[in-house]
């Protein structure tokens, strides 16, 4: 009996914390009574015995509750596999004994990539399911929609699954943190490469007409600086709803450009590479990391057509033969066979979900017995040189109180033969938010 | 000649609903009102937020109900009006610093004008053709909002973050609670306006057009005027709902107002009962809560489960909540007699 009440107490105590902001509620609110009672009890018992273990809503001696929001339905449903991979990875962690003896409860909801629904689901997770934090919600518009709410509630919005640049803003939004290298820094790296190796380039850009495409384009222009206006000879955009982008490629070729910046999602990237070969346009071809997958882009487009394309990467490509005997890749394959047999190995999203879940497990282990929201953010902001099995050799996760961009390193790669060949140094492309 | 034949033989698109049957009795209305006033005091803030969304989508469904149930015109483009309303409110609040309450009538007026203008060319169309024309409007809207020319105001693809208002006069209420009662007040006002509209001369004109356009014009109803007017009123109310939605969700982005929203609203109207105004709230509850239930049953097949549930509703109660209400009324009547 005694030990039982001890277990229950800290949660209630924190409940009172969360309520402090809403103390000005009408007296009829029935939770008010419970809250003040909890306050009294908490005050009585907050002695040394409980000092070691600290919990916020969502964490106990046996459980850590984590919320997640994914587009399992709707236009971006292809990314839903990330949530499924994460679930599978946490199953693995739980089967192996959990984190410091605590099992992970992973509650993942569908928002259909619709921001109003994201807000509803986030509120459900925080206020009804009472999770400790929300992990890896996907998409720029959905995350933008909940950012203000999460920060006003002081609930971590951890490792968001979007490459937009604005997530690295610890001053304004101390409860929101990104994960992957952002889009702008990637094109900035290409811009640096172009300025150095092809200073008189005439660049043709093809980009998807949405936040992702525009972010990339901005990075390119910023990277080229004053020369952007003279170097970029054409900016052509396409809509996701278009069946084919062939006509855009023909148009871009007609400009006589000798550099092609290909900012497209996988289906269109494959089309672009194929069309380039067909009409024999052979510029220096930069392909964004989003579409650098051998399995879903290069193979459909054909190896011959893909030679010498330059891209950048931070994750190992699961369909690249060079990682066949790599220890990290072997662990990944083991995980897939045992816990996620239905997962498509070639799908880059699976590797993504696997890696980000590993990153989270690292943070939670570092939290120890202090599972408060504040400590989760503190530990997430003090990752030092963390290496994960899915990251390219040499790429490390680093954060600090002023740097909320965990992965900011990438390496350039050139497609040669049947796989990507990494070249040059590991590049750092931090862009502040 | 053939035109007359067509109209005469063609089954009316929307079943004729007598105007009394479009609303609730006084007693029931008061019970509903009491429920809406008291429930938020007893539940968590999250539920209060869901109830706010219930009222907001309820308004949007009500607007469609006036158009379809009242004047017999279809629209799959309500999401476009909703988006215009939401953006109007958001832009006025964030760029011009206008008080949130004042942005709603402005959103309403702008959407009324937009709907009225759209109603002009739509006059030549009817039935499925009109539905398709409005469908085009709904698909075009998210892309229009992304256009570079407006980006300075709309925030482009990134959308706009809206500040949630605090309760005024230092009322001891959380933001959610205040917004709920604010929305409730707006909803009640619009509901009363709609009921009176349908009972008025204009309402009778709407219904005459719905039942038989030729007969209506023979009676001296200006068909063109009233059809566009119905579009305008419907768009105006949808715009107010959109404005409220932007304030409640605190964010507007093109992805929030896709064709899916338009179809949801249409669905809500059918489930609630076409032409039965109180059914709008039931329909709105359906589109908010049933997807959550479906997701609870199966995550991977949530869409399929939703489809099955929807099919069951349409199959068992083809006239939606109205049918349920009528059956319930008859049961109560029988009990009283016994």
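The values are calculated or read from the model by the stated rules, or taken from the named source; none is laboratory data. For clarity, every value in this text was computed on a predicted model and none was experimentally measured. Every residue, glycine as well, gets a Cβ built from its backbone with ideal geometry; the counts of neighbours run over all protein chains shown.
Checking each residue in the range A:123-135 for being closer than 27 Å to residue A:210 by Cα and modelled with pLDDT of 95 or more picks out A:134, A:135.
Among the residues of the range B:249-259, those that are more than 7 Å from chain A (Cβ to nearest Cβ) and either out of contact with any helix residue (DSSP H, G or I) (no Cβ under 7 Å at 6 or more places or on another chain) or outside any helix (DSSP H, G or I) (or both) comprise B:252, B:258. Taking the options A:355, A:399, A:416, name whichever one is within 16 Å of the chain's Cα centre (by Cα) and closer than 22 Å to residue A:266 by Cα. Criteria check complete, one pass: A:355.
Just so you know, in the range A:121-145 the residues that are touching a strand residue (DSSP E or B) at 6+ places or on another chain (Cβ under 9 Å) and free of Cβ contacts under 8 Å to residues at least 60 places away in the same chain include one that is nearest to the other protein chains (Cβ to nearest Cβ), and it is A:145. Among the residues making up the range A:274-301, those that are part of a loop (DSSP other than H, G, I, E, B) and touching a helix residue (DSSP H, G or I) at 6+ places or on another chain (Cβ under 7 Å) are A:279, A:281, A:288, A:293. Taking the listed residues B:59, B:76, B:55, B:130, the one that is outside any helix (DSSP H, G or I) and either more than 14 Å from chain A (Cβ to nearest Cβ) or at pLDDT 90 or above (or both) is B:76, with no other qualifying.
Just so you know, in the range A:90-120 the residues that are within 11 Å of chain B (Cβ to nearest Cβ) and at positive phi include one that is surrounded by the most Cβ atoms within 10 Å (Cβ to Cβ), and it is A:113. Of the residues making up the range A:395-433, those that are under 21 Å from residue A:159 (Cα atoms) and not in a strand (DSSP E or B) number 16.
Go through the range B:211-228 and give me each residue that's touching a residue at least 40 places away in the same chain (Cβ under 8 Å) and in a loop (DSSP other than H, G, I, E, B). The answer is B:212, and nothing else. Would you confirm, using the coordinates I've provided, whether residue B:246 is within 14 Å of another protein chain (Cβ to nearest Cβ), within 30 Å of residue B:103 (Cβ to Cβ) and either in contact with a strand residue (DSSP E or B) (Cβ under 8 Å, 6 or more places away or on another chain) or outside any helix (DSSP H, G or I) (or both)? So residue B:246 passes the test. On inspection, residue A:114 fails the criterion of being more than 22 Å from residue B:256 (Cα to Cα) and out of contact with any strand residue (DSSP E or B) (no Cβ under 9 Å at 6 or more places or on another chain). Of the residues that make up the range A:162-177, is at least one away from every other protein chain (no Cβ under 13 Å), under 24 Å from residue A:265 (Cα atoms) and either at pLDDT below 90 or surrounded by fewer than 23 Cβ atoms within 10 Å (Cβ to Cβ) (or both)? Checked the range A:162-177: at least one residue is away from every other protein chain (no Cβ under 13 Å), under 24 Å from residue A:265 (Cα atoms) and either at pLDDT below 90 or surrounded by fewer than 23 Cβ atoms within 10 Å (Cβ to Cβ) (or both). The set of residues in the range B:171-210 being within 14 Å of chain A (Cβ to nearest Cβ), part of a helix (DSSP H, G or I) and without any contact (Cβ under 8 Å) to a residue 24 or more places away in the chain consists of B:175, B:178.
Scanning the range A:101-118 for residues that are in a strand (DSSP E or B) and within 18 Å of the chain's Cα centre (by Cα) yields A:106, A:107, A:108, A:109, A:110. Applying the condition of being more than 9 Å from chain A (Cβ to nearest Cβ) and farther than 21 Å from residue B:258 by Cα to the range B:153-166 and asking which residue is modelled with the highest pLDDT yields B:165.
Table: residues versus (1) more than 20 Å from residue A:79 (Cα to Cα); (2) surrounded by fewer than 17 Cβ atoms within 10 Å (Cβ to Cβ); (3) more than 11 Å from chain A (Cβ to nearest Cβ).
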| residue | (1), (2), (3) |
| --- | --- |
| B:288 | yes, no, no |
| B:293 | yes, yes, yes |
| B:297 | yes, yes, yes |
| B:301 | no, yes, no |
| B:306 | yes, no, no |
| B:311 | yes, yes, yes |
| B:321 | yes, no, yes |
